[in-house]
Every structure is written in structure tokens, then in C-alpha cells.
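The values are calculated or read from the model by the stated rules, or taken from the named source; none is laboratory data. In this text, all values refer to a predicted model and were calculated from it rather than measured experimentally. Virtual Cβ from ideal backbone geometry, glycine too; neighbours counted across all protein chains shown. With ligands, DNA and RNA removed, areas are computed over all heavy atoms of the protein, side chains included. Shrake-Rupley method; radii C 1.70, N 1.55, O 1.52, S 1.80 Å.
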Amino acid sequence: MNENNIREVIIVGGGTAGWMAAAALSRYLNNGYTTVTLIESEQIGTIGVGEATIPPLISFNELLGINENDFVRATQATFKLGIEFVNWGRLGDRYFHAFGELGKDFQGLPFHQLYLRERSRRPMPEITSWSSSAAAAVRGKFARPGQKAQFPLDQLRYAFHLDATLYARFLRAFAERHGVRRIEGKIVDVKLRSNDGFVEAVTLANGQSIAGELFLDCSGFRGLLIEEALQTGYEEWTQWLPCDRAIAAPCRYSGNPDPFTRATAHRSGWQWRIPLQHRMGNGHVYCSSFISDEEAERVLVSNLEGELLDSPRRLRFTTGRRKLAWNRNVVTLGLSTGFVEPLESTSIHLVQAGIARLLAMFPDRRFNPLERDEYNRQIQQQFEWVRDFVILHYKAMQRDDSEFWMQCAAMDIPDTLAEKIAHFRNKGRFFAEGVELFPRQSWVEVMLGQNIIPEGYEPVVDGLDEDKVAHGLEQLRLAYMDLAERLPTQAQFIASCCAAEGFQVAPEFAL
Ligand SMILES: Cc1cc2nc3c(=O)[nH]c(=O)nc-3n(C[C@H](O)[C@H](O)[C@H](O)COP(=O)(O)OP(=O)(O)OC[C@H]3O[C@@H](n4cnc5c(N)ncnc54)[C@H](O)[C@@H]3O)c2cc1C
């Protein structure tokens, strides 16, 4: 063993972020000399929301060796093929942001360019008619593609809807099985080293002091170490993402769980609808300058589909990011790093992205600033990519029935996003710097879905025979429809391999 290796990692916080980190470290630092300790306070609790995910979570499970069916069963999860947006763009509009590919690229040309030319010649169905995930989602269907899947099933991509509390519990069991030590207690003091300001130890309410070399701050919005102790600073993005509150309320639900999240725009924000095996998760995200908490709650409750299962919970947040995700010997994960509101379900992914980078740049006891700086650069980039994608939904609003949306449509946006929109408006082009989290297909679906219609298309497309392209597009569309018709319903699929106890398939959805 290298004498400079880290021996004590302390994780502060046992929400989704803390337990994801603990699970991953328990697996990867299983070297016999690094101990991982997690401190959490039941009295403080966790945020208890965060139920929709995006596809990379599949690889997190794989890396940890977690069996997906066990995970789905334990977290009352369902499968998610994308997000249905209702009343975004214009009131009455409806579109899908589906995971996975759109059609088939042809001779190096992105599929959507062929679609755009065709659309300039005749009325066309929405572009997600060329998506396996969307075709399955709108029909309530799901099947796992598997490694040997043939076209078009091989293009289907999925993520999960899960119960946040059960997920933390599941990861905790995993991490403890792999040697993570858990300490229950409330941290009341943070001791800094006098010579360099590194965190030396945390003190619990019972007086116990817990020392460490590397500290992971997973303490939620407050940033117990990164902000309260190290005063790192926070960059706010509220000028672009003005929603600052949410009310969450689960309700009863039965039937075939829709394999998608629904995001419905209201007058001063939007409502999520997340089907789980045992209930429906709902929440209203809104801007407090435009609507009172009471009114926001009334809007939420009046838009529920079933009996309320718990009293509505009110939450406050400020969109933005910590100026440094890694400062001295403290690395943040989760809400302590920052928060982009949940419209595209990205927070859990940002935890995963942070863990992956931490493992790739894991420090030793000398804490070379090179690793820290690279980590901070990459995390900033991840956050900004997500930020721009979410702002797009707010900016591309044409609703004139509410002051809130009119202000969003009129706002200035980051240059990085303005350039993307301008290229798309011009000839439907999409350029990315590096491999962005949301691929071209996602941008195309949201831009077209919210009526950013390109003025032209890639001129090289005109070199392709019009009739052949039209015929090819039609054949493809039928292939996606045919696939979706043949798949089982989500309820049937869950019942076949990963149903939690008590999951019931309504007769009309049974095999
Ligand atoms: C309205 C809303 C909706 C969301 N929806 C989604 C979504 O659909 N998808 C998604 O990916 N993400 C979503 N998120 C984000 C998601 O909830 C979080 O990213 C995720 O739960 C991680 O939270 P966390 O672990 O960082 O913080 P928390 O859950 O707040 O955990 C903090 C932990 O720190 C502990 N702690 C704090 N102070 C102390 C102390 N003094 N002593 C000891 N322990 C302490 C707490 O006890 C707790 O264990 C949403 C967030 C909000 C606000």
C-alpha cells in the first residue's frame, strides 16, 4: 500500500447522494485499508423527493453489480421511456421527449434532416413517431431490449421511476453489506485545520468527534461543510430558472403504470406525475413571485388523479451551483453541489456523474490541486449542459395566458444556448461541445415539440431522391408502430419479473 493513500473517508448525509456515494465507494475502495463512514441524522431526515431518473442509472447498477429486477422490486420502481410535456409551447400542445434514437441516420445525415425536408413538402406526424421509446410509451408498453435486441427494439432506451426513500434504504443495505460504517447523529460543529483550513473532524450533538482525511458533503441544500464551514459561495441561476418552490403529494393510483413522466405546465410553473408500482408521485414546481403557496397547493391537489395518500410537503430551493464542487478536502455530491430544477430529472444523474469523476480523480493525502481543478471543471460543465437544456423549455414558450410564461419567453439566455437555438432555427443543425449529457435527439425533440421550427434544412439532403426518402420514412414509421403493438404492457412486464409485493395488474392490462 502507498502510504499516501486516503485511509478515512467520511460521508456527511444519508439521502440519495450519500448512500449512492457510500455504495459506490464500498465497491471500489474495497482495498482493506480505506474505511468509509457515513453520518446521517434521522431527526433532520432527507428531502424525500427525486423519483424520476434518466438512462445512465442503468450503468450505475451494473457497475455496482446490482441486479436490476431486485432494484426495481425493492424501490417499487417502474420503467420510464421519456417525458410527456403537456401545455408547453402553447396551451393545448403535447409532445414527447423520449429516450433513445430517432429514426436512422442516412449516408452520414442525421435522420431529423430527412424528416425536416419531408415536413417542408407535406404534413407529417410528430418526429417521435420515429422513436421506439415514444411509440411504446404512448401505448403504455414496455420490454427490456436486452443485448441481442434487433432493430427497432435495440433503439429503445429506458430509465426508472423510483421511491426515493426506498432507494436510499436499498443502497444503505448494499453499502453496509460491503463494509460501510453508519453513524446516527446530528453534526453540530466542523473543525478546520489551522494551517490550511482543511476539514479535520466533525462533532456530533453527543460530543463524539469523527476525524477523516476526505469528506464528502452530501448534506443537502445547506451544504454543511462546503458552505457553512468553508464558505465556498453559490452561483445563482434564478434569472433563467425562476421556479423556487415545490409542493409534493403522493396519491393513489391503479391500472397500467404509464412508462413515462408527465410534466404539465400550469400558469406559474408545472406539475410532475410519476407512476410507481404502489402510488403516483406528484408535485407542483412554481415561482413564488407569481403564485402563493396556498394557491399552488390548491392547483396541485385539484389536478390529482386519485385520493391523496399523505399531506402535501412544501419545499424551497434556489437553482444554481456551488462555485467549487470540490474545495480543499471536501467534495460535494447531490443538492450540496447545486440544483437544476427537476424538469428533466437530472439531479440523481449529477450525483452519479460526480461519483464517477471522483473515482477517476481520487486524491491521495497530498491533495494535488490538479485533480481538484479538473474535477471542478468537469462538474461545472455537466451542470451547465443540464442548465441550458432545461432553460430551453422555459424560453421556448409561446403561451400568452400567463405573465410568468411571457416573462420566461422574453428573458435573455446564456450565449451557449442562444447559439444552439440559432443554429437549429436556421437549418435544423445541432452542434455540441464534447459529448453532452443530452444528445442531439433530445434537443431536436424538445425544440420541435415547443415549436422552434427550422427555416430550412441541410442542403445536402436535396441530393437524395425524394420519393425513395418518403417511402423509407413511411416504412420506418410502421416498423416502430408494429414493435410497440407487439410489446407487453408495462404492468405485464413488471408482473413477469420485478413486481413488488402487492403489485396488482388490473384485468384489462393482464396477459
Ligand atoms: C422538488 C424536487 C423534485 C426533485 N425531483 C427529482 C427527480 O425527479 N429526479 C432527480 O434525479 N432528482 C430530483 N430531485 C433532486 C433529488 O431529490 C436529490 O438530488 C437527491 O434526493 C439527493 O439529495 P441529497 O442526498 O443531496 O440531499 P438530502 O436528501 O437532503 O439528504 C441530506 C442528508 O444530510 C443529512 N444531514 C443534513 N444536515 C445534517 C447534520 N447537521 N448532521 C447529520 N446529518 C445531516 C440529512 O439527515 C440527510 O441524510 C428533486 C428535488 C426537488 C427539490
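In square angstrom, what is the accessible area per residue of the range 268-345 with a 1.4 angstrom probe? Each step should come with its number before you reach the end.
Values: 2740 Å² over 78 residues.
Per residue, the range 268-345 has 35 Å² of solvent-accessible surface.
Determine, from the Cβ-Cβ distance of LEU464 and GLU236 and an R0 of 51 Å, the FRET efficiency 1/(1 + (r/R0)^6), rounded to the nearest 0.05. Provide the component values of the computation, followed by the final result.
Numbers: r = 47 Å, r/R0 = 0.93.
My answer for the efficiency is 0.60.
Rounded, prolate or oblate: pick one for the range 207-283, where a ≥ b ≥ c are the square roots of the eigenvalues of its C-alpha gyration tensor, a/c under 1.5 means rounded, and failing that, prolate if a/b is larger than b/c, else oblate. Can you show the working numbers first?
Details: a/c = 3.55, a/b = 1.71, b/c = 2.08.
Cα axes put the range 207-283 in the oblate bin.
Run the accessible area of the range 274-413 with a 1.4 Å probe and give the carbon-and-sulfur part as a rounded percent.
Working: 2460 of 5390 Å².
Using a 1.4 Å probe with all protein chains present, the range 274-413 comes out at 46 percent carbon and sulfur.
Residue by residue, what Karplus-based ³J(HN,Hα) values in Hz, rounded to whole numbers, does the range 121-126 have, using 6.51, -1.76 and 1.60 with θ = phi - 60° and x for Gly and Pro?
Listing the rounded values in order: 9, 7, x, 10, x, 5 Hz.
Pop the C-beta distance of ASP373 and ARG169 into the FRET formula with R0 = 25 Å and round what comes out to the nearest 0.05. Walk me through the numbers on the way to the answer.
Values: r = 36 Å, r/R0 = 1.44.
Step by step, r from the Cβ atoms, then E = 0.10.
For the chain, what is the mean residue ellipticity at 222 nm derived from helices alone (per DSSP H run of n ≥ 4: -39500 (n - 2.57); sum divided by total residues; nearest 500 deg cm²/dmol)?
Values: 14 runs with 171 residues, N = 511.
The helix-only estimate for the chain comes to -10500 deg cm²/dmol at 222 nm.
Restricting attention to the range 1-95, which GluC sites (Glu not before Pro) occupy a DSSP loop and are surrounded by at most 13 other Cβ atoms within 10 Å? Please list the in-between numbers first.
Numbers: sites: GLU3, GLU8, GLU40, GLU42, GLU51, GLU62, GLU68, GLU84; in loops: GLU3, GLU42, GLU51.
For GluC sites (Glu not before Pro) across the range 1-95 that sit outside H, G, I, E and B with at most 13 neighbouring Cβ atoms in 10 Å, the list reads GLU3, GLU42.
How big is the charge dipole of the chain about its Cα centre, in debye rounded to the nearest 20, if each Lys and Arg gets +1 on its Cβ and each Asp and Glu gets -1 on its Cβ?
Values: 55 positive and 64 negative charges, 119 e Å.
The dipole of the chain has a size of about 560 debye.
Could you report the range 450-508's accessible area per residue, 1.4 Å probe, as an integer in Å²?
On the way: 3230 Å² over 59 residues.
Ligands and nucleic acids excluded, the result is 55 Å² per residue.
Quick one: helix 16-28 against the long Cα principal axis of the chain, what's the angle to the nearest 10°, folded into 0 to 90?
Long axis of 16-28 versus the principal axis of the chain: about 80 degrees.
Taking the Cα-to-Cβ direction at ALA409 and at GLU62 and moving 7 Å from each Cα, how far apart do the two end points lie in nm?
Here the answer is 4.3 nm between the modelled labels.
Between VAL435 and LEU478, what is 0.36 nm times their sequence separation minus the Cα-Cα distance? Round to one decimal in nm. Working shown, then result.
On the way: separation 43, 0.36 × 43 = 15.48 nm, distance 3.10 nm.
Roughly 12.4 nm would be gained on extension.
Would you please give the FRET efficiency between ARG90 and THR264, computed as 1/(1 + (r/R0)^6) with r the Cβ-Cβ distance and R0 = 22 Å, to the nearest 0.05? Mind showing how you got there, number by number?
On the way: r = 14 Å, r/R0 = 0.62.
In this case the efficiency is close to 0.95.
Leaving out ligands, DNA and RNA, and with a 1.4 Å probe, what % of the accessible surface on the range 156-212 is carbon or sulfur? Spell out each step's value before the answer.
Details: 1290 of 2760 Å².
Accessible surface attributable to carbon and sulfur in the range 156-212 totals 47 percent.
Mind checking the full-extension length gain between ASN30 and THR203? Use 0.36 nm per residue of separation minus the Cα-Cα distance, one decimal, nm.
Here the segment from ASN30 to THR203 would lengthen by 59.6 nm.
Calculate the spin-label point distance for SER254 paired with ILE453, positioning each point 7 Å from the Cα along the beta-carbon direction, and give it in nanometres.
That separation, rounded to one decimal, is 4.5 nm.
Have a look at the DSSP beta bridges in the chain and tell me what percent are antiparallel, nearest 5.
Working: 48 of 68 bridges.
Once the DSSP bridges in the chain are tallied, antiparallel ones form about 70 percent.
Got a number for the accessible area of GLU200? Probe 1.4 Å, square angstrom, nearest 10.
Roll a 1.4 Å probe over it and GLU200 shows about 60 Å².
Give the residue list of GluC sites (Glu not before Pro) in the range 243-335 that are DSSP loop and have at most 15 other beta-carbon atoms within 10 angstrom.
On the way: sites: GLU294, GLU295, GLU297, GLU305, GLU307; in loops: GLU305, GLU307.
Passing sites in the range 243-335 are GLU305, GLU307.
Taking the Cβ of LEU350 as the center, what net charge do the other residues with Cβ under 12 Å away carry, scoring Lys and Arg +1 and Asp and Glu -1?
+2
At 1.4 Å probe size, with every protein chain present, just tell me what the per residue accessible area of the range 1-139 comes to in Å². Mind showing how you got there, number by number?
Values: 5150 Å² over 139 residues.
Normalised by residue count, the accessible surface of the range 1-139 is 37 Å².
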